[in-house]
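Trainee: I'd like to ask some things about the structure below.
The values are calculated or read from the model by the stated rules, or taken from the named source; none is laboratory data. As the structure is a computational prediction, the values presented were derived from the model and not from experiment. All Cβ positions, even for glycine, are placed from backbone atoms using ideal geometry, and neighbour counts span all protein chains on display.
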């Protein structure tokens, strides 16, 4: 029985490492999505879209691995919390990958040299940086079992939400008779929404980190 239990915990640890590795992957994909947007790089955007298969594959690998593990042995106490949290984590991992794809899919639609607005561009860049930071910190909070790191995610997500609102207001203001600029601004609203959702998913991962440590669910975001 002891050997079986040790084997279970080793496999659970391996699955956690795969899930956390998926978060490392998605940070790189987010970087590429944002770069393709700022550089109007359709080829890089296509690579980002293709990368979604890797994220989906990692999701399926961990999800099916956890279910297979449950079929072999019923976890208890802390192991049970970790199993439940991993299922949630990979769900949010897959959703972050989808949002990166949504950003990249905008690039070829915008064209090689679209009209832009510096205020919106600056805020999109800020949002992207904060989202990247949130995903990395969410990963760290889970890996280290650090509730304090997780609790800080809600505060940072407030900044992303504020920037998202500012982009929306600015997009409504600009354009006038310039249809191309107006279309670009509307597209940036969609990009900002995708980044905002990435922040929300990072916060959700932090909530799972708190759950693993405390056994209690605590909503960290102030604005949802």
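Trainee: Looking at 170, 182, 139, which is the one that is buried (at least 16 other Cβ atoms within 10 Å of the Cβ) and within 21 Å of residue 31 (Cα to Cα)? I'd like the intermediate steps shown before the answer.
Mentor: Working: 170 fails: within 21 Å of residue 31 (Cα to Cα); 182 fails: within 21 Å of residue 31 (Cα to Cα).
Result of the check over 170, 182, 139: 139.
Trainee: Working carefully through the options 101, 38, find the one that is within 26 Å of residue 189 (Cα to Cα) and modelled with pLDDT of 95 or more.
Mentor: Values: 38 fails: modelled with pLDDT of 95 or more.
Within the list 101, 38, the selection yields 101.
Trainee: A further question follows. Just the residues that are assigned to a helix (DSSP H, G or I) and surrounded by fewer than 16 Cβ atoms within 10 Å (Cβ to Cβ), please, taken from the stretch 57-78. If you could, list the steps in order and put the result at the bottom.
Mentor: Here is the first cut: in the stretch 57-78, the residues assigned to a helix (DSSP H, G or I) are 57-72, 77-78.
Hits for the stretch 57-78 are 57, 60, 61, 64, 67, 68, 70, 71, 72, 77, 78.
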